[in-house]
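Worksheet: the structure to be examined is printed underneath.
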């Protein structure tokens, strides 16, 4: 099982990791990328500066991401509220004492339940220290997280980006980023996760800033695409008859 403690994150050939602590940090990173790559400059012109998105770090933050895997935002939020509300406080040592049946009754799948219980056990046994991930660069931290049972690439990268604010985290498997890149770069098809990893190499060590920008671009593009349809619907919508 993964043994990740601060002492084990000693030497690395990569540059030290940097983080987005404030909106100003993200603003500077995106402006740097925009100066470096005209394609990102065009995307920024279309979106304006995206807002920094952050989540709670540690076990609670990782648990929330695991709970929301493969679910709509509404469903994920509803289940997470039930899970969070069932444990007071929401602490790994309390969660690890729960049974699979108890967690499944809250709306979790068996697979997600097993993942949460095993991660809670690893933290309690001091074989896993999520805080130590701050000492690693994005690729090393990604490998450390995906070594955990039930933690895939998307979950790892979203945790690094939103919970730790890692400036170089790159959720290449996220459909929103893939779609934003496809639209922004006028690609014929939506890039796969592997293709997106290669495509993002020039944006190191600020790929996390690029992720925020492409998410924003995708949202703007969707709104623009839906606007003509909504306008057309409004024009043909029958007027309500009034009685006198």
Please tell me if residue 68 is under 19 Å from the mean Cα position of the chain (by Cα), surrounded by 17 or more Cβ atoms within 10 Å (Cβ to Cβ), within 18 Å of residue 169 (Cβ to Cβ) and free of Cβ contacts under 8 Å to residues at least 24 places away in the same chain. yes
| query | Going by the structure shown, is residue 82 over 20 Å from residue 150 (Cα atoms), assigned by TED's automatic domain parsing to the domain that holds residue 113 and out of contact with any strand residue (DSSP E or B) (no Cβ under 9 Å at 6 or more places or on another chain)? | reply | yes
Fill in: Residue in the stretch 72-79 that is assigned to a loop (DSSP other than H, G, I, E, B) and either surrounded by fewer than 17 Cβ atoms within 10 Å (Cβ to Cβ) or under 19 Å from the mean Cα position of the chain (by Cα) (or both) present
yes
(request) Assess whether residue 66 counts as being part of a helix (DSSP H, G or I), touching a helix residue (DSSP H, G or I) at 6+ places or on another chain (Cβ under 8 Å), at pLDDT 95 or above and farther than 30 Å from residue 186 by Cα. (result) yes
Residues of the stretch 118-137 being over 28 Å from residue 18 (Cα atoms) and in a loop (DSSP other than H, G, I, E, B), in sequence order, are 125
Exactly one of 135, 131 is under 30 Å from residue 30 (Cβ atoms), surrounded by 15 or more Cβ atoms within 10 Å (Cβ to Cβ) and not assigned by TED's automatic domain parsing to the domain that holds residue 46, and that one is 135
The residue that is nearest to residue 113 (Cα to Cα), considering only those in the stretch 138-157 that are surrounded by 24 or more Cβ atoms within 10 Å (Cβ to Cβ) and under 9 Å from the mean Cα position of the chain (by Cα), is 156
Those residues of the stretch 85-117 which are surrounded by fewer than 17 Cβ atoms within 10 Å (Cβ to Cβ) and in a helix (DSSP H, G or I) amount to 85, 86, 93, 94, 100, 101, 102, 104, 110, 111, 114
Does the stretch 197-209 include one or more residues that are surrounded by 17 or more Cβ atoms within 10 Å (Cβ to Cβ), assigned to a loop (DSSP other than H, G, I, E, B) and touching a strand residue (DSSP E or B) at 6+ places or on another chain (Cβ under 6 Å)? no
Out of (1) closer than 23 Å to residue 164 by Cα; (2) under 23 Å from the mean Cα position of the chain (by Cα); (3) modelled with pLDDT of 95 or more, the one residue 93 does not meet is (2)
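The values are calculated or read from the model by the stated rules, or taken from the named source; none is laboratory data. Everything numeric in this text was worked out from a predicted model, so none of it was measured. Cβ atoms come from the backbone with ideal geometry, glycine included; neighbour counts cover every protein chain shown.
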